[in-house]
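Readers should treat all values here as calculations from the given coordinates under stated rules, not as data from a laboratory. Predicted, not measured: the structure shown is a model, and the values here were computed from it. Using ideal geometry, Cβ is built from the backbone for each residue, glycine included, and neighbour counts are taken over all protein chains shown.
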Amino acid sequence: MPFLRLRRPAGHQHTLLSILRLCLAALLLLGFIVPAQAAVEIAFYSRELGGNNFPHAFIVLRGTVDATGERVEASYGFTAKTITPAILFGSVVGEVIVEGPHQIARSDRQFALTLSDAQYRRVMAVVQEWRDRRQPSYNMNRRNCVHFVGALAEAVGLRVDYADRLMKRPRSFLIHVRGLNPQLGSGG
């Protein structure tokens, strides 16, 4: 059987090269059109005791949820609804509150990390769980702002140690959590 030799029409190589260039240009253009990856950052903050400083530990969320494009700009802390000497003697009504820009500015950012959408949903579920707790929900020794940020750290997969000596020391607690999780680096 004789070997058949197919002839290409004149200019075929030029046409194929043009098509390849056009495809490459389209792919590059699509790379510029595709929206940038979005992400939500969670930052853990603390401030020391003294004056009207409740809550002493809280989180700030900023960014955009990948799946929905929802813009996130929020902060959450947990505190006693009314700061009175009663907090020293047992459980009192507690609430999840939003920290304002002034309180955030006068607090220390201890560390931060970027969340996946699943981690963000877990954070929001923990916030809701603490909002929905049966009252009285705040207890200086068992459910304070430090416990709250610890639960949020666990929700994003961080290792947390609830050492009794740290549960009323927000800055020390968050520094300890940072130390338990080397992937966080040395600070905020």
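The table that follows gives values for the structure above.
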{"item": "Packing-based exposure ordering (other Cβ within 10 Å, fewest first) of H56, H102, H176", "result": "H102, H176, H56"}
{"item": "Near-label residues of the stretch 100-140 by backbone N, under 14 Å of a point 7 Å along Cα→Cβ of A67", "result": "116-125"}
{"item": "Theoretical FRET efficiency, 1/(1+(r/R0)^6), r = Cβ-Cβ of N141 and L180, R0 30 Å, to 0.05", "result": "0.85"}
{"item": "Gained length - E48 relative to S116, 0.36 nm times residue gap less alpha-carbon distance", "result": "21.5 nm"}
{"item": "Zone residues, the stretch 123-148, relative to K81, backbone N less than 13 Å from point 7 Å out along Cα-to-Cβ", "result": "131-138"}
{"item": "Neighbour-limited loop hits for trypsin sites (Lys or Arg not before Pro), the stretch 95-126 (at most 12 other Cβ within 10 Å; DSSP other than H, G, I, E, B)", "result": "R106"}
{"item": "Cα centroid of the stretch 101-123 to Cα centroid of the stretch 139-161, whole Å", "result": "14 Å"}
{"item": "Relative contact order for the stretch 60-188, counting Cα pairs under 8 Å that sit 6 or more residues apart, in percent", "result": "25 percent"}
{"item": "Efficiency of FRET from Cβ geometry, A105 and A74, R₀ 22 Å, rounded to 0.05", "result": "0.85"}
